[in-house]
Structure formats: C-alpha cells, structure tokens
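The values are calculated or read from the model by the stated rules, or taken from the named source; none is laboratory data. Because the structure is predicted, anything quoted here is derived from the model rather than measured. Cβ placement follows ideal geometry from the backbone for every residue including glycine, while neighbour counts extend to all protein chains displayed. For accessibility, only protein heavy atoms count, side chains too; no ligands or nucleic acids. Shrake-Rupley method; radii C 1.70, N 1.55, O 1.52, S 1.80 Å.
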Amino acid sequence: MPKFKIKTGDLVQVISGKKDNKGKQGKVLRVIPETQRVVVEGVNVVTRHKRATMQGESGGIEKVEAPIHISNVALVDPETKKPTKVGYRTETVERNGRNKTVRVRVSKSTGKDL
C-alpha cells in the first residue's frame, strides 16, 4: 500500500480538475489509500438522493463531498498560504534515555516544519 505525504487534517489546495473546484482550499477529511484519493472539506460537493426508509418518512437530497485523486491536490504552506511540495528531514530525539530517529515533514519552498 502506498504512503502519501498528505495526511488527514492537512490544509490542501486543488491544483487541477473542474473549474469550480480549482484553486479551492480545504481540510482533508479522509485519505483513501486503496484508490489513491482524498476527501476535502467543501470541495467536489455532489448531491445524493436519499430514499425514504420508513412509512411516513420522506426521503431527501443531501450534499456530500466526493473523493478526488491525490495528485490533484497540493499541501498548503501555513506561512505563505500557497501550495508547496513536501520534503522530509530526519532528527534524533531523546526519549526515556534512548535516541530515536524521527522524520519531520518540511515545506520545500520555505524550509519550515509542516
């Protein structure tokens, strides 16, 4: 299963796709690694018709976010609020008397931690 540089809770910007979605920014609600897709808050909103389940209960129309391919979004740098590429830096951290190597996500444009 592939690993992605975009995680749940990250602020991302849509860099390609439909005209009404392109350029929008939103928070990642869910990452789906099997299909390489992400669900972004407020982006790619579709209407779904819901059937009435019980007698007397009416159905309805609900708006939900549909997943988009992970290649169509870019992580937003919190400092400049513009899309950026993601790199990694390794640090050694001491925990409970042991040294541990930790990977930290870094913005390629500014060099700051993400």
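Listed cross-link partners K5/K100; K50/K82; K27/K100; K3/K50; K27/K50; K5/K63 are compared with a 32 Å cut-off, the Cα-Cα value being larger for K50/K82; K3/K50. Both radii were evaluated on the Cα set of the chain; the Rg over Rh quotient, with Rh as the Kirkwood radius, amounts to 1.15.
Using a Gaussian network model of the chain in which every pair of alpha carbons under 10 angstrom is joined by a spring, one finds that among A52, A66, A74 the greatest mean-square fluctuation is at A52. Under the convention that each Lys and Arg Cβ holds +1 and each Asp and Glu Cβ holds -1, the size of the dipole of region 65-114 around its Cα centre is about 200 debye. Across region 95-105, coupling constants 3J(HN,Hα) worked out from phi with the 6.51/-1.76/1.60 Karplus curve, θ = phi - 60°, read 10, 6, x, 10, 8, 10, 8, 10, 8, 10, 6 Hz, and Gly and Pro carry x. Here the 3J(HN,Hα) profile of region 19-35, calculated from phi with Karplus coefficients 6.51, -1.76 and 1.60 at θ = phi - 60°, is 4, 6, 9, 4, x, 6, 10, x, 8, 6, 8, 7, 10, 10, x, 4, 10 Hz, Gly and Pro shown as x.
On the basis of the beta-carbon distance and an R0 of 41 Å, K22 and T101 show a calculated FRET efficiency of 0.60. Take region 1-76 with all the other protein chains still there, run a 1.4 Å probe, and you get 69 Å² of accessible area per residue.
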